[in-house]
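In what follows, a single structure is set out as structure tokens and then discussed.
The values are calculated or read from the model by the stated rules, or taken from the named source; none is laboratory data. What you are looking at is a predicted structure, and each value in this text was computed from that prediction instead of being measured. Cβ placement follows ideal geometry from the backbone for every residue including glycine, while neighbour counts extend to all protein chains displayed.
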């Protein structure tokens, strides 16, 4: 019976400890300043590794407030995904039949798949009817577009205009634009350009200030590298700088330590979250499924080979930004509160062009809020730490009441 009593007390104290631990974790809020911007408009606010760590990698916990403590909407901004580049195509010939037609022949010598081209045209007030045809030998022509009209060929601020001409997808080596001159003088086509979309490669952020310890497990013939941070961090990629030996091919993995409950007892176990090969013939950089951890271990299988001489291990995370409409020279505050849920802003559905470069705003002076009054100044009573502590105190009283009842019952049985 004494064992039962002991187990009961352990459960009670464990439950109480959990409540207190939870209360302290919920009370950890952060606040930082968004550095002033020089122009009003949309800005991308880069979330540093410190901000993502403090927010537990959860954007729902973020809020932006202006100088009057008004909430400022934001939306996740993944950055420009594509970039436009232009390539001039050669104009092979310009032929004009007075009062009938002007023909401009363009070379597509690489036989690229095309469905539109941009023509640069000298300013004019005339409207034009045109047709487009294609050929592989500049002799026999096949129709693509017929009797379409283009107008508004005058830009008051420039000497020329650029217009997009669309047509069915094709890979003809020559394209001919026939502009009808029956009712007007010819237009002057200055250039023909091809618009290309390229995926934008985003530079990753290299993480700093972590500790690493390299050990050797001779029994398992493994090198183990233990990585630890002061606070949990997001990790999206890892790189190795290996100087020796000159030739190697090793199996490696990332392992994290976890805890699970097994037969009412907490048991520690290792979980492999990523596997890769270290190879002397390639650059040893690897993408990993997003990790949010405080520590992990890299295991390298050496078998009977000499250990790798690792000069440096680099850890990276993908950049994350939020987009917000900021006013010039105004003070803004970023607050992180783990008790908040996802905000409902309409900014994402307001027609913003997400494939555009926006000026960058940065966050500074990110600190943990220790003053409850400062943390709760912009919240209702139900969101304050006082209300949270009252709830916790009430829960402790209820648990204590039932605990004392159980102890009395056990004593009666004894």
Look through 315, 347, 334 and report the one residue that is buried (at least 16 other Cβ atoms within 10 Å of the Cβ) and farther than 22 Å from residue 231 by Cα.
-> 347
Right, residue 271: within 30 Å of residue 48 (Cβ to Cβ) and surrounded by fewer than 12 Cβ atoms within 10 Å (Cβ to Cβ) or not?
-> yes
Can you spot a residue in region 262-279 that is in the same structural domain as residue 302 (by TED's automatic domain parsing) and outside any strand (DSSP E or B)?
-> yes
Report whether or not residue 323 is closer than 30 Å to residue 69 by Cβ, surrounded by fewer than 18 Cβ atoms within 10 Å (Cβ to Cβ) and in contact (Cβ under 8 Å) with a residue 40 or more places away in the chain.
-> no
Condition set surrounded by fewer than 19 Cβ atoms within 10 Å (Cβ to Cβ) and over 27 Å from residue 219 (Cα atoms), scope region 287-312, selection farthest from the chain's Cα centre (by Cα): answer is 294
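Residues are listed down the side, and each one gets a yes or a no for (1) touching a strand residue (DSSP E or B) at 6+ places or on another chain (Cβ under 8 Å); (2) under 30 Å from residue 63 (Cα atoms); (3) not assigned by TED's automatic domain parsing to the domain that holds residue 185:
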position	(1), (2), (3)
77	yes, yes, yes
93	yes, no, no
106	yes, no, no
110	no, no, no
113	yes, no, no
140	no, no, no
145	yes, no, no
155	yes, no, no
159	yes, no, no
Filter region 166-189 for residues that are exposed (fewer than 14 other Cβ atoms within 10 Å of the Cβ) and in a strand (DSSP E or B) and give the result.
-> 166, 168, 169
Which one of the conditions (1) part of a loop (DSSP other than H, G, I, E, B); (2) closer than 27 Å to residue 162 by Cα does residue 56 fail to meet, given that it meets all the rest?
-> (2)
Pairs returned, first residue in region 351-372 that is farther than 15 Å from residue 32 by Cβ, second residue that is modelled with pLDDT of 90 or more and in a loop (DSSP other than H, G, I, E, B), beta-carbon separation under 8 angstrom, 6 or more apart or interchain, are 359/37; 359/39
Checked 202, 220 against criteria (farther than 30 Å from residue 320 by Cβ and at pLDDT below 95); the one match is 220
Checking residue 209 against (1) assigned to a strand (DSSP E or B); (2) in the same structural domain as residue 293 (by TED's automatic domain parsing); (3) surrounded by fewer than 17 Cβ atoms within 10 Å (Cβ to Cβ), which single condition isn't satisfied?
-> (1)
Across region 130-154, which residue is farthest from residue 181 (Cα to Cα) among those that are surrounded by 13 or more Cβ atoms within 10 Å (Cβ to Cβ) and over 46 Å from the mean Cα position of the chain (by Cα)?
-> 138
Listed by range, strands (runs of 3 or more DSSP E) wholly within region 64-165 having at least 2 residues that are free of Cβ contacts under 8 Å to residues at least 40 places away in the same chain are 91-97, 142-150
